[in-house]
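Q: Let me begin by handing over the structure; questions about it come next.
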Amino acid sequence: MSVDLLKVSNLSVEYKIGPLTIPALDRVSFTIPSKGYSRGIVGESGSGKTTLATSIMNAIEPPGKITVGVVAYNGKNILAMTRQELLRYRWEKVAMIYQSAMNSLNPVKSVRDPIQEVLQTHMRMPKDVARKQAENLLSQVGIKPERVLDYPHEFSGGMKQRVVIALALALGPELLIADEPTSALDVVTAARILTLIKNEVKEKHRSLIFITHEITILRGLVENIALMYAGEIVELGPIEPVLQHPLHPYTEMLLGTLLTMESTPDLLSRKDGREEEKGNVASTGGETENALVPLLTKVGCKYRDRCPYAFERCQVEKPKLVEVEKGRWVACHKYA
């Protein structure tokens, strides 16, 4: 019997802020069954996407706390790993591209230094070999050779993000988690970064978790998709069936923000990397993080007040995530 590459089971995270305890994740479960498997995670601000990714890295910090659940990598619970095991896991097995690079780089070191240090520490590379490899990685993400000794304050936010992407790819992780990696980049650079990530995953048989609020950029990038709302996964499945025939009312709403599936931009397929003017409607929009907070403690279905199909059962009973078609999972009483 094969073991899943990554298995998240009943994962819950809480944040304690003053007298309040806010549940950020509510018993989330999903798998990355094997190498080469790609999954997009989509949801509005405050839905728990970044908290989920940070939990997979076992990097939740106070006032946050993982209260229950298991995150297993190749069958081993990473929440029970030693410090040394975590150091190897985070760089050599699973790497994460964080949403903001602003605080990720040491201001007194050149942008080449952190990549070189990771290669020397983990791969035992000689200094000159690690230096050359670091420069090659920076070149792949569009940093010119003459800029590799510059410091972070000399770079734009987008260029810093590219450095962080190069750092995440340095050790060739089996699983790459990308948390809104193009959010600080212009459209042309974003298209190049998406292509780079796609090629890395395909050519080197990596697995990918790509987190975004822009559902359209996942087409051509991932094969599977998960929709998150208020700390829960409400729909799972292969991307094309989900986008063409959504099951959950929340997924219907997100797709309803698009003009048409045909008119939305696909940054991976457009050679010039430019968005069409009409493509700016291709994000989830919706509630802000603060607006979602009251939903996290709601009894019954958290989406019911926005749902056109809500009925009495939705007020009192939380729907479970169940498989209603082969490979299609949904948490909605319409299908129970």
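Q: Please find, within region 8-59, the residue that is farthest from the chain's Cα centre (by Cα) out of those that are under 18 Å from residue 211 (Cβ atoms), assigned to a strand (DSSP E or B) and of a type outside the set (A, V, I, L, M).
A: In this case the residue turns out to be 26.
Q: Check residue 147 against each of (1) over 18 Å from residue 119 (Cβ atoms); (2) in contact with a Ser or Thr (Cβ under 8 Å, 6 or more places away or on another chain); (3) basic (Lys, Arg) and name the one condition it does not meet.
A: Residue 147 satisfies every listed condition except (2).
Q: Within region 201-234, track down each residue that is part of a helix (DSSP H, G or I) and more than 16 Å from the chain's Cα centre (by Cα).
A: 202, 203
Q: With (1) touching a residue at least 12 places away in the same chain (Cβ under 8 Å); (2) part of a loop (DSSP other than H, G, I, E, B) as the list, and residue 103 as the residue in question, which single condition is left unmet?
A: Exception for residue 103: condition (1).
Q: Name the residue, out of 118, 163, that is β-branched (Val, Ile, Thr), closer than 20 Å to residue 189 by Cα, assigned to a helix (DSSP H, G or I) and modelled with pLDDT of 90 or more.
A: Numbers: 118 fails: closer than 20 Å to residue 189 by Cα.
Result of the check over 118, 163: 163.
Q: For region 71-119, what are the residues that are closer than 15 Å to residue 60 by Cα, among the basic types (Lys, Arg) and surrounded by fewer than 17 Cβ atoms within 10 Å (Cβ to Cβ)?
A: Passing the criteria: only 83.
Q: Among the residues of region 66-86, is any closer than 23 Å to residue 254 by Cβ and among the polar types (S, T, N, Q)?
A: Among the residues of region 66-86, not one is closer than 23 Å to residue 254 by Cβ and among the polar types (S, T, N, Q), which makes the answer no.
Q: Right, here's the next one. Within region 119-135, can one find any residue that is of a type in the set (Gly, Ala, Ser) and either under 27 Å from residue 42 (Cα atoms) or under 16 Å from the mean Cα position of the chain (by Cα) (or both)?
A: No, region 119-135 has no match at all.
Q: Right, something else. Considering only region 121-141, how many residues are part of a loop (DSSP other than H, G, I, E, B) and either of a type in the set (S, T, N, Q) or in contact with a helix residue (DSSP H, G or I) (Cβ under 6 Å, 6 or more places away or on another chain) (or both)? Break it down stepwise before answering.
A: First, pick out the residues of region 121-141 that are part of a loop (DSSP other than H, G, I, E, B): 124-126, 141.
Of the ones still in play, those that are also either of a type in the set (S, T, N, Q) or in contact with a helix residue (DSSP H, G or I) (Cβ under 6 Å, 6 or more places away or on another chain) (or both) are 125, 141.
The number of residues fulfilling the criteria is 2.
Q: Looking for something of a type in the set (D, E, K, R), closer than 24 Å to residue 214 by Cβ and in contact (Cβ under 8 Å) with a residue 60 or more places away in the chain - is there at least one such residue anywhere in region 168-175?
A: no
The values are calculated or read from the model by the stated rules, or taken from the named source; none is laboratory data. These numbers come from a predicted model, not from an experiment. Here Cβ is always computed from backbone atoms with ideal geometry, including for glycine, and neighbour counts include all displayed protein chains.
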